[in-house]
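Since every read-out is calculated from the coordinates, none of them should be taken as a lab result. The shown structure was predicted, so the numbers you read here are calculated from the model rather than taken from an experiment. Every residue, glycine among them, receives a Cβ derived from its backbone with ideal geometry; neighbour counts consider all protein chains shown.
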């Protein structure tokens, strides 16, 4: 939940709201001007019937949004209402009267109003506190206090270092699995270990993505580093499920399997038996049971291999071992695989087999 102090709001909605007030945006500049001026403010992002019903007084403006205009209007009593894109200031000096029966944990008048208005309307409401010197975003039941850029950047860099270590370990177990697949020595433990690491890396990446969003223009370098570290992770997650997912009438989709793993609590994700059960490939008692891959992971590493051809090859041969044993003529029997592509597949798999085994034993 993106560090929100209270759960219950969709992450995508909160991400969108945070993006609109990230450093580099005009709205954030206006809020920081208010904060430095120590006047405080209440800003509603959006105007609909629900907001109309709880608004009285004020002035109808409908003028272009600027940071300086927001700062000057904040000197008056009452709330400021801007459009959803924060490109126009619609009203100023508005007195908001949300339903007083809506529960809130806030104590200050401005914060209580912001919390209740957002809960009642579902729109983002921003409260700038002059006394506490903070900017708080309210969205539904969520409350998110914006922090100093340096503090957020510090935590983001720590998370990035953690991601680097986890990615390094992921590459190790993934390469080990590839070698075991070629030697036909894969067990439930090996597959669960890779799936576990993939999920851990994905979770850390999502946390860093939240920091990037909050940092706005100040998070561009962090975003580039993140993209480099998680390259191919989403594809690998799908391929490992496709390689080992049991077949049958109750076969689940790849997305359903990944969604179930994503719901695992961090405290149980460390247990390989739990991960194996989510993958439907075994349990804690069967971690050493053998498994046979279909070949999606290794075929995806062969250069210039269209996904449609990979699917036809796996469907035709059924297992990685049969693919490894196939001749150029055998490969040509598959629809869409001509002589040139068949030789490319044969040579690509041979090179992967050699390099994987060498890395494992040298």
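A compact table of results
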| read-out | value |
| --- | --- |
| Packing-based order for 110-118, 314-322, 199-207, using average beta carbon neighbours within 10 Å, highest first | 110-118, 199-207, 314-322 |
| Shape of the range 148-292, Cα gyration tensor, a/c cut at 1.5 | prolate |
| For the range 317-358 and the range 128-181, distance of Cα centres in Å | 41 Å |
| Nitroxide proxy distance, nm - points 7 Å out along Cα→Cβ at residue 102 and residue 155 | 2.6 nm |
| Rounded, prolate or oblate (a/c below 1.5 giving rounded, otherwise prolate when a/b exceeds b/c) for the range 11-146 by Cα gyration tensor | rounded |
| Angle between the chain longest axis and helix 26-37 axis [Cα atoms, degrees, rounded to 10] | 50 degrees |
| Relative packing of peptides 74-84, 278-288 - highest average C-beta neighbours within 10 Å first | 74-84, 278-288 |
| Cα gyration tensor shape for the range 116-169, rounded if a/c is under 1.5, else prolate or oblate | oblate |
| Gain in span if fully extended, residue 184 to residue 224, counting 0.36 nm per residue against the direct Cα distance | 10.6 nm |
| Nearest-ten-degree value, helix 109-121 long axis tilted from longest Cα axis of the chain | 50 degrees |
| Cβ-Cβ FRET estimate between residue 339 and residue 12, R0 fixed at 51 Å, reported to 0.05 | 0.60 |
| Residue 77/residue 26 FRET efficiency (R0 25 Å; Cβ-Cβ; nearest 0.05) | 0.60 |
| Pairwise FRET efficiency - residue 262 versus residue 131, Cβ, R0 = 56 Å, nearest 0.05 | 0.85 |
| Inter-site label distance for residue 347 and residue 321 at 7 Å from Cα along Cβ, in nm | 2.9 nm |
| Mean Cβ count within 10 Å, highest first, over the residues of peptides 259-266, 44-51 | 44-51, 259-266 |
| Simple label model, 7 Å out from Cα along Cβ direction - residue 109 to residue 145, nm | 2.2 nm |
| Net length gained if the chain between residue 289 and residue 234 were fully extended (0.36 nm per residue, minus Cα distance) | 17.2 nm |
